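The values are calculated or read from the model by the stated rules, or taken from the named source; none is laboratory data. Since this is a predicted model, take the numbers as computed values, not measurements. So basically every Cβ, Gly included, is an ideal-geometry build from the backbone, and we count neighbours across all protein chains shown. Surface areas here come from the heavy atoms of the whole protein model, side chains and all, with no ligands, DNA or RNA. Shrake-Rupley method; radii C 1.70, N 1.55, O 1.52, S 1.80 Å.
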Amino acid sequence: MPFSRKEYDAIVIGSGPNGLSAAITMAEARRSVLVIEGYETIGGGARSAELTLPGFVHDVCSSVYPMAVWSPFFRRLPLAQHGLEWVHPAAPLAHPLDDGSAVMLERSLEATAQNLGEDAGRYRGLMNPLTAAWPRIESSAQSPFSMPSHPFAAARFGLTVLRSASSVARHHFRGERARALLAGLAAHSVLPLERVPSAAFGLVLGIIAHTQGWPFARGGSQNISNALAGYLASLGGEIITSTPVESLEQLPRARAVLCDVTPRQLLRIAGSRLSAGFRRALDRYRYGPGVCKLDWALDRPIPWKAAECARAGTVHLGGTFAEIAASERDCWQGKHSERPFVLLSQPTLFDKTRSPAGKHTAWAYCHVPNGSAVDMTDAIEKQMERFAPGFRRLILKRSVRVAASLESYNPNLIGGDIGGGAADLRQFLLRPTRRLYRTSAKGIYLCSSSTPPGPGVHGLCGNLAARAALEDLF
Ligand SMILES: Cc1cc2nc3c(=O)[nH]c(=O)nc-3n(C[C@H](O)[C@H](O)[C@H](O)COP(=O)(O)OP(=O)(O)OC[C@H]3O[C@@H](n4cnc5c(N)ncnc54)[C@H](O)[C@@H]3O)c2cc1C
């Protein structure tokens, strides 16, 4: 393999946002670092490409970035100097309902409360204290397993959010609008909504909508990866692509190897170096449902029945709490929902650089059983027609990726699981094992979203894993 040196302080396998963040953390500590990426381009879950027609730039995986603008690690990096610009839609999220209206999650907590009708006061009562506590809580993300700097605030926050979405909906809300909004937010957990801690995902996404927003990356999500790589290069870090790592034996010497892979791949590429007990622990790690992903090139903007949906970057399609809960239960029971909960983004309404003049793109997915080869195009487009009649007539071209095919695109997407493993209560706190970033072998670390704080483009898994390696080895 064409490595420029025989020896590095650190090698990172995989150039997803966490791999690049691990490499940056090493390079900032003046360590020589090489990132080895299997695919032909960098970025893992933060890439964009012309998936449909020339001039239409689609986000291949992630599209909307609450966790990135929240991330205390990303916030301190000079990513703007390396070409990254966030584009904030007028509203983070719309949730259309069958009566032709839409519940809007606005940047302003007060404006959001006002469109929740009878639950306006209850929304304020739930979200105001959480949002006020957030600045004290988020500092814990920098060292998630040490004593929080505000233990009482952290305990109160934890007791409120570490619940199931159905429990929060039942106890805090009376009306369908607030419950439906919560269901859509909590479904980002890819857990049944009756399961703890599905509410945590929903409430934290709501808090970030009110504090930092849910932006797109101007020009496409590839620009996040390019900015991380640009900063890494400025620190002297190296990257090579098109080089899948099959075994650690093929790598140059390094004191630390940080693996931006999930436990199943770690077993394959580093298994012989790991203890039998640790291998068993990795083997027990559980993956969640997959996704079926669609991208469309569109002739015009989406013709929403509820016109206010056009103010939102993200739209949740699934109707009521009960309907979304049923759809999320289905995929855990091996079923394909006939009316799936659909997460959609419409970046070109806010960023004209991604499509030819007057034309648009849309990005959407729904959850399906892990490993599913079922094409959900018809079910997803029926949900589109339900809330935006005439949508199908605008389609110039579509790209479809079923769950089973996602893994061949990015080996971290096991069976189409986009979260790097199920985020149930056990794997939410301790992932993938009690050792978190460390393994049973000296010098080998995991730095992917299969470690805390889990899925999303925020770089914290990589940053924290590299800090563990620096502490242990350098
Ligand atoms: C369809 C979809 C939609 C999503 N939507 C959002 C969203 O809107 N917002 C959000 O914040 N998050 C979203 N996510 C999740 C987000 O993309 C991931 O949580 C994030 O990318 C995880 O980063 P990572 O670095 O841990 O892994 P990845 O981004 O998966 O990167 C892993 C990299 O390692 C490489 N690799 C793996 N094995 C090897 C090997 N053996 N040798 C060499 N290279 C290897 C892969 O090719 C890949 O480039 C979405 C994901 C998907 C798939």
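Some points to look at:
- When Ala80, Ala94, Ala90, Ala111 are checked against the criterion of being modelled with pLDDT of 95 or more and crowded, with 17+ Cβ neighbours inside 10 Å, a single residue qualifies: Ala94.
- Qualifying residue in segment 421-439 (condition: at pLDDT below 95, open to solvent by 20 Å² or more (accessible area, probe 1.4 Å) and within 16 Å of the ligand (Cβ to nearest atom)): yes
- No other residue among Ala49, Ala29 is open to solvent by 20 Å² or more (accessible area, probe 1.4 Å), touching a helix residue (DSSP H, G or I) at 6+ places or on another chain (Cβ under 7 Å) and away from the ligand (no atom under 12 Å from the Cβ) apart from Ala29.
- Residues satisfying the stated conditions in segment 186-232, i.e. crowded, with 24+ Cβ neighbours inside 10 Å, among the hydrophobic types (A, V, I, L, M, F, W, C) and either touching a Gly at 6+ places or on another chain (Cβ under 8 Å) or assigned to a strand (DSSP E or B) (or both): Ala186, Ala187, Leu191, Trp214, Phe216, Ala217, Ile224, Leu228
- Scanning segment 351-380 for residues being free of Cβ contacts under 8 Å to residues at least 60 places away in the same chain and open to solvent by less than 50 Å² (accessible area, probe 1.4 Å) gives a total of 1.
- In segment 314-332, the condition of being acidic (Asp, Glu), crowded, with 23+ Cβ neighbours inside 10 Å and out of contact with any Lys or Arg (no Cβ under 7 Å at 6 or more places or on another chain) is met by at least one residue.
- Candidates Pro263, Pro244, Pro252, filtered to the one that is in contact (Cβ under 8 Å) with a residue 12 or more places away in the chain and touching a Lys or Arg at 6+ places or on another chain (Cβ under 7 Å): Pro252
- Unmet criterion (only one of (1) within 16 Å of the ligand (Cβ to nearest atom); (2) open to solvent by 20 Å² or more (accessible area, probe 1.4 Å); (3) within 23 Å of Ile137 (Cβ to Cβ); (4) touching a strand residue (DSSP E or B) at 6+ places or on another chain (Cβ under 8 Å)) for Met67: (4)
- In this structure, Arg401 does not satisfy being in contact with an Asp or Glu (Cβ under 8 Å, 6 or more places away or on another chain) and open to solvent by 40 Å² or more (accessible area, probe 1.4 Å).
- Residue within segment 322-330 that is touching a Leu at 6+ places or on another chain (Cβ under 6 Å), of a type in the set (A, V, I, L, M, F, W, C) and closer than 15 Å to Met384 by Cα present: no
- Any hit, segment 389-407, residues being over 19 Å from the mean Cα position of the chain (by Cα), assigned to a loop (DSSP other than H, G, I, E, B) and farther than 19 Å from Arg329 by Cα: yes
- Some residue of segment 423-437 being touching a helix residue (DSSP H, G or I) at 6+ places or on another chain (Cβ under 8 Å), outside any loop (DSSP other than H, G, I, E, B) and among the aliphatic types (A, V, I, L, M): no
- Of the strands (runs of 3 or more DSSP E) entirely within segment 1-108, those holding at least 1 residues that are touching a residue at least 24 places away in the same chain (Cβ under 8 Å) and within 30 Å of Leu470 (Cα to Cα) occupy 7-13, 33-36.
- Positions within segment 232-272 being within 14 Å of the ligand (Cβ to nearest atom) and small (Gly, Ala, Ser), in sequence order: Ser242, Ser247, Ala270, Gly271
- Within segment 444-462, not a single residue is away from the ligand (no atom under 16 Å from the Cβ) and either in contact (Cβ under 8 Å) with a residue 12 or more places away in the chain or assigned to a helix (DSSP H, G or I) (or both).
- Test set (1) open to solvent by less than 50 Å² (accessible area, probe 1.4 Å); (2) among the hydrophobic types (A, V, I, L, M, F, W, C); (3) part of a loop (DSSP other than H, G, I, E, B) - Met384 fails condition number: (3)
- Condition check for Leu193: under 19 Å from Ser140 (Cα atoms) and touching a residue at least 24 places away in the same chain (Cβ under 8 Å): no
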